[in-house]
Structures are given as C-alpha cells and as structure tokens.
Amino acid sequence: MNALLSILPRICLVAALLAAAPIASAEDFPARPVKIIVQTAAGSSLDVVARLVAEPLSQLWGQQTVIINQAGAGGLIASRALASSPADGYTLFLAGGSVFIVLPVVSKNLPFDVNEFIPIGFVVEQPYTLLTSKNLAVNSVSELVALSKSQPGGLDSVAGTRGGLQHLTVEWFRERSGAKLNMIHYPGAAQSSNDVIAGRVPMMMQTIAPVAGIIAAGEVKMLAVTSLVRLPDYPNIPTVAETIPGFTSSGWSILVAPKGTPADIVQKINGDLRKVLSRPEIVKKLEELGNYTRPMTTKELADFVRDEREVWQPIVKQIGIAQ
C-alpha cells in the first residue's frame with residue numbers, strides 16, 4: 001500500500017500531462033516537418049515527382065517536407081513503414097498503383113491491409129506509349145496486331161518487371177486486341193529501350209519519361225498512347241482506344257496516410273496538394289517528365305482506387321502472379 005501511495009503522485013502527473021497534450025487538428029497543421037515515404041530509390045521518376053511536389057508544399061506550409069526513400073519488394077517495405085507510423089498526418093506515402101493492385105494479391109499474410117490506408121490526393125498519372133522498332137513494318141495499332149497474328153511464334157514484347165502495371169498493361173493489350181505476344185521481362189527501362197532500338201525486341205509499352213529522348217530522336221516508332229485522350233505534347237499520336245474502344249492504362253501515384261488519420265487533416269492536405277498541383281509552373285515541370293495531374297476529392301480518389309482494383313486484380317490472378 002505504501003508503495004502504491006508513493007507512485008500515485010507520478011501517475012496523476014502523467015495523466016495530467018496527457019490530458020493537456022494538444023490534439024492533432026487541421027487548424028495548426030503542420031506544426032513540424034512532414035515526411036513523405038517514396039517506394040522507389042532516389043533519382044527514380046517517382047522520387048523526382050515527390051520532390052517536385054514537396055518543395056511547394058514546404059513553402060505553403062512553412063514546414064519542411066522530407067522525402068524518405070524506402071525502396072524494394074514492390075512497395076511492401078514502404079507500405080510497412082507507413083502502417084507502423086503514427087496516424088497524425090506527419091507521415092505520408094506517395095504510393096504507386098501496384099501497391100493497391102498487386103500487393104494485396106501476392107502478399108496475403110501481411111499484418112496490415114493497404115486498402116485501409118487513407119486516400120488523400122491524386123498526384124500524377126503516367127500514360128504508356130506503344131513503341132516499336134524503327135524498322136518494324138507497321139505504322140498503326142491494327143497493323144501491329146495483324147503482324148503479330150501472322151508470325152508463327154507471335155511477336156516478343158517488353159513487359160517490364162513481372163506483376164508491375166507495365167506488365168499488366170501489355171497483358172491486357174494482348175487480351176483485348178487478340179495480338180500474339182510473348183512477354184519479355186526487364187528490370188528497367190534502359191536495357192529494354194536499347195533492345196527495341198536495336199530490333200532485338202520488336203515492341204514495348206513504356207511510360208513517357210524513360211523514352212522521351214529516343215522518341216524525339218526518331219530511334220523508335222510511336223504508334224499510340226494509352227491515355228483516355230490524345231496528349232498535348234503528342235497531338236498527332238492516336239490513343240490505343242481509337243482502335244480498341246475502352247482501352248486505357250496509366251501508371252499512377254497517390255498520396256495516402258495511415259489508417260486512423262483525422263479526417264480534417266486529410267482534407268487539409270488534399271486541399272493544399274490540389275493548390276500545388278494547379279500551379280502552371282508545377283504542371284509544366286511534371287508534363288515535361290510525362291506526368292499528368294488529375295485533381296480529385298478524397299471521395300473521388302477512393303472510388304478511383306476501387307475501380308482500378310476491379311479492372312486489374314482479375315488480370316493479376318489470371319496470369320498467375322499470385323503464388
């Protein structure tokens with residue numbers, strides 16, 4: 001009893017301090033630096049996007065926005081880092097689409113659910129280009145599909161890393177068009193681009209940033225883009241959907257927060273992010289790198305992620321990525 005009485009004042013002091021601690025709210029957010037976890041290495045295209053967005057956010061908030069690179073395992077390492085972070089808005093995650101499409105299928109025994117992350121804001125999308133070797137005797141999507149069907153073994157196609165959205169896009173193109181394609185997986189864009197230029201692999205689908213240089217130099221043919229509408233930088237290049245109705249695909253990245261993050265802070269960050277992404281100079285810098293903004297409310301973003309899962313997860317399961 002005496003021991004209990006001796007520590008009672010300390011217990012009361014701790015309780016008083018906890019009661020007096022400020023509750024995180026949007027009114028004074030942020031009051032300290034904000035961390036943004038990125039699932040790729042420094043210098044990657046997603047990392048560059050994160051830094052382009054972080055700088056104006058820092059200016060707007062009057063607090064530093066710090067990029068934390070947590071690369072590896074298809075976003076699993078970064079997702080785990082977010083899941084173990086406090087739900088106070090001070091740790092966010094710039095996540096690629098594969099985190100929500102592929103990761104839940106291939107990693108079913110995780111101690112957290114990525115679908116419980118709180119969607120904050122759509123950052124950018126990266127449409128794919130349909131490219132072929134310069135000497136391949138095709139000049140349109142329909143001619144490419146016809147050529148693939150005429151070859152006894154079909155045509156080889158760059159498919160990126162297995163299970164990535166680039167791979168899924170080529171798989172979906174094969175399914176929708178009826179093209180006879182063989183998937184050739186590459187760890188990165190540099191080697192695959194070189195093989196398409198040299199004609200060792202006839203075709204590829206790749207986001208714009210890694211191939212903008214070889215497109216401009218005329219080292220490959222650009223047959224189409226996978227965006228919903230023609231891109232402003234390539235107005236004469238048709239969309240795949242002009243040949244295959246309804247076919248669209250883009251890499252995308254969104255800002256998310258841990259489960260339980262207060263709704264008012266989520267809305268504050270969403271509004272501030274949309275302000276930043278509406279600035280003409282930011283839009284211009286992003287588009288120069290093949291990234292296109294698409295403003296969304298948190299509700300629109302949640303619906304978007306749900307719709308993307310419904311489109312792509314059946315393809316993930318169909319091609320046997322889940323083990």
Discussion item. I'd like the Karplus ³J(HN,Hα) series for region 212-223: coefficients 6.51, -1.76, 1.60, θ = phi - 60°, whole numbers in Hz, and an x wherever there's a Gly or Pro.
Written reply: 4, x, 6, 5, 4, 7, x, 7, 9, 9, 9, 8
Practice prompt. Starting from the Cα gyration tensor of region 126-242, take the square roots of the eigenvalues, sort them a ≥ b ≥ c, and report rounded, prolate or oblate (rounded when a/c is under 1.5, otherwise prolate if a/b is larger than b/c, else oblate).
Written response: rounded
Discussion item. Just checking my list (1) 25, 22, 21; (2) 39, 21, 19; (3) 44, 21, 16 against semi-axes √(5λ) of the Cα gyration tensor in Å computed from this structure; which label fits?
Written reply: (3)
Response to the item:
1/(1 + (r/R0)^6) with r = Cβ-Cβ of ARG51 and ALA73, R0 = 22 Å, i.e. FRET efficiency to nearest 0.05, evaluates to 0.50
Worksheet item: On a 0 to 90 degree scale, rounded to 10, what angle separates helix 298-318 from the longest Cα axis of the chain?
Response: 50 degrees
Worksheet, complete the sentence: Taking alpha-carbon centroids only, region 157-196 lies from region 259-318 a number of Å equal to 25 Å
Response to the item:
Under 5 Å from the placed amide H of GLN206, counting only residues 5+ away or on other chains, we find THR129, LEU131
Worksheet item: How large is ³J(HN,Hα) for each residue in region 94-99, as worked out from phi by the Karplus curve 6.51 cos²θ - 1.76 cosθ + 1.60 (θ = phi - 60°), to whole Hz, x for Gly and Pro?
Response: 8, 9, x, x, 4, 4
Fill in: Percent RCO, i.e. relative contact order, over the chain, from Cα pairs under 8 Å lying at least 6 residues apart
25 percent
Discussion item. How high is the relative contact order of region 126-242? Use alpha-carbon pairs under 8 Å, at least six apart in sequence, and give a whole percent.
Written reply: 39 percent
Worksheet item: Once both axes come from the Cα atoms, what is the angle between helix 141-150 and the longest principal axis of the chain, in degrees from 0 to 90, rounded to 10?
Response: 60 degrees
Fill in: Max mean-square fluctuation residue, GNM over the chain, Cα-Cα springs under 10 Å, options PRO210, PRO258, PRO187
PRO187
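State whether region 45-149 is rounded, prolate or oblate according to the following rule on the C-alpha gyration tensor (a ≥ b ≥ c being the square roots of its eigenvalues): a/c under 1.5 gives rounded; otherwise a/b larger than b/c gives prolate, and the remaining case gives oblate.
oblate
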Worksheet, complete the sentence: Within region 291-323, the residues whose backbone N lies under 20 Å from a label point placed 7 Å from the Cα of PHE112 along the Cα-to-Cβ direction are 302, 305-306
Worksheet item: Mind checking the angle between helix 45-61 and the chain's longest principal axis? C-alpha axes, 0 to 90 degrees, to the nearest 10.
Response: 40 degrees
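Compute the FRET efficiency between LEU228 and ARG279 as 1/(1 + (r/R0)^6), taking r as their Cβ-Cβ distance and R0 = 30 Å, and round to the nearest 0.05.
The value I calculate is 0.80.
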Worksheet entry | Residue-by-residue Karplus 3J(HN,Hα) for region 77-82, coefficients 6.51, -1.76, 1.60, Hz, glycine and proline x | 5, 5, 5, 5, 4, 5
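Throughout, read-outs are computed from the coordinates displayed, never taken from laboratory work. This is a predicted model, so every value here is computed, not measured. Cβ: placed from backbone, ideal geometry, glycine included. Neighbour counts: every protein chain shown.
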